[in-house]
Amino acid sequence: MATQTYPIEIKPVSESRLRGLDINNVPFGRLFSDHMLVATYDEGSWNPATILPYGKLEMSPSISALHYGQAVFEGMKAYKGPAGEALLFRPQANFERINRSAARLCMPPIPEEIFLDGLRELVRLDANWIPTRPGSALYIRPIYFATDESIGLRPSQEYILAIICCPVGAYYAEPVKLTVTREYVRAFPGGTGAAKAAGNYAASLLADRLAKQQGYDNVLWLDGVDQTYIEECGTMNVFFVIDGVVITPPLGGTILPGITRDSIITLLKEQGRPVEERRIALTEILAAHKQGRLQEAFGAGTAATIAQIETIAIDGVELNLEVTGEGQYGARLLKHLDEIKTGKREDHHGWMMEV
Ligand SMILES: *Cc1c(COP(=O)(O)O)cnc(C)c1O
């Protein structure tokens, strides 16, 4: 079988919307760059992608993504290097993950040429949209969804992949406050917790709203079976430091395999620091805090990179954690990762891709 090739058609904007905009000061996720990528799948194969001016897509109200949530997404960032070059952080990992998410939702795999080459072309075209202020980046959001015009429940025969970009600043300027929810869970064994499936996030909104009404930034999610073990915080992976050991819950179906999480574990192992992927009971955190052994906690994900955790509320009791101490892991890892992402530190893992 001949390998199909996917030439990318580019229809550039006649005039950039950048003029007069201060991309170093924009609200998160509401201003989009000049271009987007769109690729469609039908009759059993992918059509070549087009990069065109950001704008509306026309679609029918019967498309199955809207009814049954057959939709997955990704989140990644582009940075400016020292010479002004555009750099993507671990895009291959996002490519592999969107196809794992897609497989979980019975969606066909996206060819590497469409996803990665398309991404490179898109970011090259919109490189001037990458903000340069520390902590800021061009956030890239691939979204892949079912477009069959049919309300019969079955895997769609037609799909759209779109990639859009928005300049973003630092996500959490302040350390975050979390509260445990006993009422709702994010994921359970056999479910879709390990996939970046759109429906997971709709399902998390109510618990998130309740947390915010009580003055917290995010939910600290417990496992969906016994509500005993800590799984994630908000839409981030979570890390604790107890007695100098960095601990994070293990992957295994209910936890989203974060690329930031993996990068942190890789760096810590390389530095010879003790790091454990194991289950962490809420009672262990309570006890460690009481005994003064819980040194810090932080969330990890693309949007925030690392968000130091200041407070964890458990059944009405608030644990307050150190957020600025000497030699804290969170701040050190954030700096290390930022230096790699902006080309200020040697990238011996081959994580950065220049576009
Ligand atoms: C995306 C996401 C993460 C973080 O993954 P990164 O690849 O580090 O951005 C963690 N948890 C959830 C639930 C997520 O959706």
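The values are calculated or read from the model by the stated rules, or taken from the named source; none is laboratory data. The structure displayed is predicted, hence computed values, not measured ones. Because the Cβ atoms are built from the backbone with ideal geometry, glycine has one as well, and the counts that use them run over all protein chains shown. The area values use the complete protein model at the heavy-atom level, side chains included, leaving out ligands, DNA and RNA. Shrake-Rupley method; radii C 1.70, N 1.55, O 1.52, S 1.80 Å.
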One checks the Cα atoms of segment 9-169 and finds Rg and Dmax, in Å, of 16.1, 53
Computed from the beta carbon distance with a Förster radius of 35 Å, FRET efficiency for Arg133 and Asp315 to the nearest 0.05 stands at 0.30
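Test of understanding: what is the full-extension gain from Leu18 to Leu205, defined as 0.36 nm times their sequence separation minus their Cα-Cα distance?
Working: separation 187, 0.36 × 187 = 67.32 nm, distance 3.27 nm.
So the extension gain works out to 64.0 nm.
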Helix 198-213 sits off the longest principal axis of the Cα atoms of the chain, rounded to the nearest 10 on a 0 to 90 degree scale, by 40 degrees
The simple spin-label model distance between Lys335 and Val245, using points 7 Å out along Cα→Cβ, in nm, is 2.7 nm
Scaled by the rule-of-thumb 2.2 N^0.38 Å, the alpha carbon Rg for the chain gives a ratio of 1.02
In Å², rounded to a whole number, the accessible area per residue of the chain with probe 1.4 Å is 46 Å²
Sparse-neighbourhood loop hits (GluC sites (Glu not before Pro), segment 25-92; DSSP loop; Cβ within 10 Å at most 10 others) -> Glu43, Glu58
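Where the eigenvalues come from the Cα gyration tensor of segment 147-298, what are the semi-axes √(5λ) of the equivalent ellipsoid, largest first, in whole Å?
That gives 30, 19, 17 Å for the three semi-axes.
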Log10 I(q)/I(0) at q = 0.21 Å⁻¹ for segment 248-303, from Debye over equal alpha-carbon scatterers, is -0.97
Expected max-MSF residue from Cys165, Cys233, Cys106 in the GNM of the chain (alpha carbon, under 10 Å) is Cys106
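First measure r as the distance between the Cβ atoms of Asp117 and Glu276, then evaluate 1/(1 + (r/R0)^6) with R0 = 41 Å and state the FRET efficiency to the nearest 0.05.
With a Förster radius of 41 Å, E is 0.60.
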The number of Lys pairs in the chain whose alpha carbons lie under 20 Å apart, excluding pairs fewer than 8 residues apart on one chain, is 13
So, over other residues within a Cβ distance under 13 Å of Ala162, counting Lys, Arg +1 and Asp, Glu -1, the net charge is 0
Place a point 7 Å from the Cα of Glu149 in the direction of its beta carbon; the residues of segment 53-75 whose amide N falls under 17 Å from it are 57-67
Between Lys212 and Leu66, Cβ-based FRET efficiency (R0 30 Å, step 0.05) works out to 0.70
Taking every other residue with Cβ under 11 Å from the Cβ of Asp126 and scoring Lys and Arg +1, Asp and Glu -1, one gets 0
Note to self: C-alpha centroids of segment 19-61 and segment 213-257 sit apart, in Å, by 33 Å
Per DSSP, the loop-located trypsin sites (Lys or Arg not before Pro) within segment 126-190 having at most 11 other beta carbons within 10 Å are Arg182
The rounded separation in angstrom of the Cα centers of segment 78-138 and segment 307-355 is 21 Å
Longest principal axis of the chain (C-alpha) makes with the long axis of helix 329-341 (C-alpha) an angle, in degrees to the nearest 10, of 20 degrees
Using a 1.4 Å probe on heavy atoms of the protein chains only, the accessible area for Arg293 in Å², nearest 10, reads 80 Å²
Debye calc, one equal point scatterer per Cα of segment 119-221, no solvent, log10 I(q)/I(0) at q = 0.11, 0.13, 0.14, 0.15 1/Å comes to -0.57, -0.77, -0.87, -0.95
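How big is the C-alpha Rg of segment 247-340 next to the rule-of-thumb value 2.2 N^0.38 Å, as a ratio? The partial results should precede the final answer.
Details: Rg = 13.6 Å, N = 94, 2.2 N^0.38 = 12.4 Å.
Computed over Cα atoms of segment 247-340, the ratio equals 1.10.
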Rounded to the nearest whole number, the Stokes-Einstein translational diffusion coefficient of segment 78-139 at 20 °C and 1.002 mPa s (Kirkwood radius, C-alpha pairs) in µm²/s is 167 µm²/s
The percentage of Cα-Cα pairs in segment 295-336 separated by more than 14 Å is 49 percent
Which residues qualify? For Glu296, with a placed amide H closer than 5 Å and at least 5 residues away or on another chain, they are Val241
Taking alpha-carbon centroids only, segment 272-288 lies from segment 191-212 a number of Å equal to 24 Å
